[in-house]
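The values are calculated or read from the model by the stated rules, or taken from the named source; none is laboratory data. Every value quoted in this text rests on a predicted model; they were computed, and no experiment measured them. Note: ideal-geometry Cβ built from the backbone for every residue, glycine included; neighbour counts use all protein chains shown. Protein only, heavy atoms only, side chains kept; ligands, DNA and RNA dropped before computing areas. Shrake-Rupley method; radii C 1.70, N 1.55, O 1.52, S 1.80 Å.
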Amino acid sequence: MRYFKSVTDIGDLHEAVREAMEVKANRFAYKELGKDKTLLMIFFNSSLRTRLSTQKAAMNLGMNVIVLDVNQGAWKLETERGVIMDGDKPEHLLEAIPVMGCYCDVIGVRSFARFENKRDDYEEKIFNQFVKYSGRPVFAMETATVHPLQSFADLITIEEYKTVERPRVVLTWAPHPKALPQAVPNSFAQWMNATDYDFVITHPHGYELSKEFTGNATIEYDQDKALQGADFVYAKNWSAFEDPNYGKVLSTDRSWTITTEKMALTNNARFMHCLPVRRNMIVSDDVIESERSIVIPEAANREISAQVVLKRILEDL
Ligand code: CP
C-alpha cells in the first residue's frame, strides 16, 4: 500500500479486520519490519489519540518516529502558489514537503478543513500536495474530508462487539458549540457503506453530508425513529456541508444530545464516539460512563488500525 485515505485503499474489509485481530493478538510480531525505517508525522492541527496511537503502532513495528507540530516551533508555511511571500509565512509548502521527504520513509499528515474555501477542502489540497511532492508513501491522520484511521478502528470495534451478523448502526449528529469538519462522519459513512450493516444517518435538516460519502445510506431526519432498534449509536457533531452554509453551525439544539432516554429507544445499543467529546452537549455523563459505552476500547483500537496500515505500507516499501 502506498497511500491510505479512502476505504478502497485498504482492500477487502474482512481481510483487513482479520489482519487487525492478528496484529492485536501479537502486536510485536512484526518488529523487524520497520527496523531502520522512519515515520514522520506532521500535524497542522491538535491531536491526542492520533498522535499517541500512531506513534505506538510505529514503535510496535520497530520504526523510528519524528513528530512535527507545524504550529509549534516550525516555520509558518505558505500553502498557496503565486502568493508574494511578504507576510508572516517564511517557508512554502512546495519546498517544505520534499525536504521533509528527505528525512523519512513514510509520512502521516493531519490537516483539517479550513472552511475558507470548500473546493480547496474537498479537493484535499494539502494532503494531495504531500502525495505529489514528498516522494514517500503518505497516509491520512485526518484530512479535510476524511479520517480513515478512525473509521477503520470503528469497524474493528463494531466487529468485536456486535452480537448479530448484520447490526443496525446509527450515525447521529449531536450539538456542539463550534464548527467542526465533516471528516469523521464522511469517513464513517464511507466505511459503513462498504459493509453489509443496516446503516442509518440521522441529523437535523441543513446538515446533509456529501453524497460522495453517504451514498445509498438511509437518511432519517427524526432522531428518535432512527435510534429505534439500533445496536450501535455513533454520535458526532459536524458543521453544514451544503452551500451557502458550508462550515457553519446551524443549530445547537440539545434535544439531539444522546441521553439515557435516547438510548432507551435502542436495542440496548453500544455507544460510540471518536473522542474528544464535549459531555452534556454530544452525550450525557450517564451514557458515556455506562457499561454500554465503548469509547475507550474504540480509542484503543486506533493503535491497531494504525499498525495494520503502517505494516502494509512497510511491506510495500
Ligand atoms: N479521534 C481522534 O482522532 O482524536 P485526536 O483528535 O485526539 O487525535
Practice problem: Considering only the range 61-99, state which residues are of a type in the set (A, V, I, L, M), assigned to a loop (DSSP other than H, G, I, E, B) and within 16 Å of the ligand (Cβ to nearest atom). | Solution: 70
Exercise. Return the only residue of 27, 2, 18, 49 being under 19 Å from residue 113 (Cα atoms), among the basic types (Lys, Arg) and out of contact with any strand residue (DSSP E or B) (no Cβ under 7 Å at 6 or more places or on another chain).
Key: 49
Quiz item: Which of (1) on the phi > 0 side of the Ramachandran plot; (2) in contact with a Ser or Thr (Cβ under 9 Å, 6 or more places away or on another chain) is the odd one out, the single condition residue 241 does not satisfy?
Solution: (1)
Quiz item: Can you pull out the residues in the range 52-102 that are out of contact with any Leu (no Cβ under 8 Å at 6 or more places or on another chain), over 24 Å from residue 306 (Cβ atoms) and of a type in the set (Asp, Glu)?
Solution: 80, 86, 88, 95
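From the list 262, 211, which residue is basic (Lys, Arg) and farther than 26 Å from residue 165 by Cα?
On the way: 262 fails: farther than 26 Å from residue 165 by Cα.
Checking each option against the conditions leaves just 211.
Which count do you get for residues in the range 17-60 that are of a type in the set (A, V, I, L, M), within 16 Å of the ligand (Cβ to nearest atom) and part of a loop (DSSP other than H, G, I, E, B)?
Step one: list which residues in the range 17-60 are of a type in the set (A, V, I, L, M), which gives 17, 20-21, 23, 25, 29, 33, 39-42, 48, 52, 57-59.
Still in the list and also within 16 Å of the ligand (Cβ to nearest atom): 39, 41-42, 48, 52, 57-58.
Those left that are additionally part of a loop (DSSP other than H, G, I, E, B): 48.
Looking only at that region, the number is 1.
Kindly indicate whether residue 109 is buried (at least 18 other Cβ atoms within 10 Å of the Cβ), touching a residue at least 12 places away in the same chain (Cβ under 8 Å) and under 30 Å from residue 239 (Cβ atoms). I'd like the intermediate steps shown before the answer.
Working: buried (at least 18 other Cβ atoms within 10 Å of the Cβ): yes; touching a residue at least 12 places away in the same chain (Cβ under 8 Å): yes; under 30 Å from residue 239 (Cβ atoms): yes.
Spelling it out, residue 109 is indeed buried (at least 18 other Cβ atoms within 10 Å of the Cβ), touching a residue at least 12 places away in the same chain (Cβ under 8 Å) and under 30 Å from residue 239 (Cβ atoms).
Scan the range 212-234 and give yes if some residue there is within 14 Å of the ligand (Cβ to nearest atom) and open to solvent by less than 10 Å² (accessible area, probe 1.4 Å), otherwise no.
There is at least one residue in the range 212-234 that is within 14 Å of the ligand (Cβ to nearest atom) and open to solvent by less than 10 Å² (accessible area, probe 1.4 Å).
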Quiz prompt | Residue pairs meeting the criteria (Cβ under 7 Å; at least 6 apart or on separate chains; first open to solvent by 90 Å² or more (accessible area, probe 1.4 Å), in the range 71-90; second assigned to a loop (DSSP other than H, G, I, E, B) and acidic (Asp, Glu)) | solution = 76/88
Quiz prompt | Residue in the range 260-276 that is open to solvent by 30 Å² or more (accessible area, probe 1.4 Å), among the small types (Gly, Ala, Ser) and in a helix (DSSP H, G or I) present | solution = no
Quiz item: Can you tell me which residues in the range 17-37 are open to solvent by 20 Å² or more (accessible area, probe 1.4 Å) and acidic (Asp, Glu)?
Solution: 22, 32, 36
Self-check item: Residue count, the range 115-129 (criterion: charged (D, E, K, R) and within 16 Å of the ligand (Cβ to nearest atom))
Solution: 0
Quiz item: Residues in the range 211-248 that are within 15 Å of residue 122 (Cα to Cα), in contact with a Leu (Cβ under 7 Å, 6 or more places away or on another chain) and not in a loop (DSSP other than H, G, I, E, B): how many?
Solution: 0
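Across the range 275-293, which residue is nearest to residue 141 (Cα to Cα) among those that are aliphatic (A, V, I, L, M) and within 14 Å of the ligand (Cβ to nearest atom)?
Filtering the range 275-293 down to residues aliphatic (A, V, I, L, M) leaves 275, 277, 281-283, 287-288.
Imposing the further condition that a residue be within 14 Å of the ligand (Cβ to nearest atom) reduces the set to 275, 277, 282.
Details: 275: 14, 277: 18, 282: 23 Å.
Taking the candidates together, the pick is 275.
Just to verify a result, which residue in the range 1-16, among those that are charged (D, E, K, R) and part of a loop (DSSP other than H, G, I, E, B), is least open to solvent (accessible area, probe 1.4 Å)? Before you say what the answer is, go through the steps one by one.
Restricting attention to the range 1-16, the residues satisfying the condition of being charged (D, E, K, R) are 2, 5, 9, 12, 15.
Going one step further and asking which of them are part of a loop (DSSP other than H, G, I, E, B), we end up with 2, 5, 12.
Working: 2: 108, 5: 53, 12: 91 Å².
Among them, the one singled out is 5.
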Quiz prompt | Filtered residue count, the range 130-186, keeping only those that are more than 15 Å from the ligand (Cβ to nearest atom), open to solvent by 20 Å² or more (accessible area, probe 1.4 Å) and outside any helix (DSSP H, G or I) | solution = 10
Quiz item: Looking at (1) open to solvent by 40 Å² or more (accessible area, probe 1.4 Å); (2) within 21 Å of the chain's Cα centre (by Cα), can you tell me which one residue 40 breaks?
Solution: (1)
